[in-house]
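These notes concern the structure reproduced below.
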Amino acid sequence: MAEMDGMVTALRSSSLDISLVVALYERLYGLPPLSLVAGRLRLPGIVFPLADLVRLLESDPESDIPVYRATSPILGDVEIKTKDQLTGMKRLLLMNPWISPLLDADFSSGAPLFAHATRALRLFVRLKQPFGALLLAPLARVQYRRVATDSLIMVRVREETSLTELMDGIRRIDIQ
């Protein structure tokens, strides 16, 4: 909690445009909640398109599982270890799921309620931390399926990423 407060204080005194941080926060909270409709999971979050997916020549030395590398303007280089065959897949997305009751909660005892701008800054701090992403492959024009389910894909948003780039990725995805 103290570390988070320190980061929020540092952001307040930086050149960061807090109105954009609040807009990002409001856009995420404006998404419809997680739902299950007709066998499809409708999952809100931030998506990051991947490009240039290639299988590396060497497998993971510890597990002998194939390793793939892709690039994202927002995440940089991403390595994915999976038994799934990803070669030839196009339009892959990484997704940071957004489940607002869990991600906005502060579970420490007696925690005060935070002002709107402070909640937005706390969200921004969390978005800059490493997170476990879901890898999604297209099924149809607006539907996706999860691939590489055997892999924990840890990624981090690049420091130089703008808030508008993050906002462009906010949407709800239908997952079969």
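Residues in the stretch 135-164 that are closer than 14 Å to SER72 by Cα and open to solvent by 70 Å² or more (accessible area, probe 1.4 Å): MET154, ARG156, ARG158, GLU159, GLU160.
Here the stretch 14-39 is the region considered, the condition is being in a helix (DSSP H, G or I) and of a type in the set (A, V, I, L, M, F, W, C), and the residue that is nearest to ILE170 (Cα to Cα) is LEU28.
One line per residue, one yes/no per condition, for (1) open to solvent by less than 90 Å² (accessible area, probe 1.4 Å); (2) closer than 23 Å to ARG172 by Cβ:
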site: ARG12; (1), (2): no, no
site: ALA51; (1), (2): yes, yes
site: ASP60; (1), (2): yes, no
site: LEU93; (1), (2): yes, yes
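If you go through the stretch 122-147 and keep only what is closer than 21 Å to ARG42 by Cβ and over 15 Å from the mean Cα position of the chain (by Cα), you end up with ALA137, PRO138, LEU139, ALA140, ARG141, VAL142, GLN143, TYR144, ARG145, VAL147. The C-beta contact set for the stretch 83-100 (first residue at positive phi, second residue open to solvent by less than 30 Å² (accessible area, probe 1.4 Å) and among the acidic types (Asp, Glu), distance under 6 angstrom, 6+ apart or interchain) is empty. Closer than 18 Å to MET154 by Cβ and not in a strand (DSSP E or B), is that true of LEU86? The answer is yes for LEU86.
The values are calculated or read from the model by the stated rules, or taken from the named source; none is laboratory data. Given the structure is predicted, the values throughout are model-derived calculations rather than measurements. Cβ sites come from the backbone with ideal geometry, for glycine too, and all protein chains shown count toward neighbours. Just the protein is used for accessible areas: all its heavy atoms, side chains included, with ligands, DNA and RNA removed. Shrake-Rupley method; radii C 1.70, N 1.55, O 1.52, S 1.80 Å.
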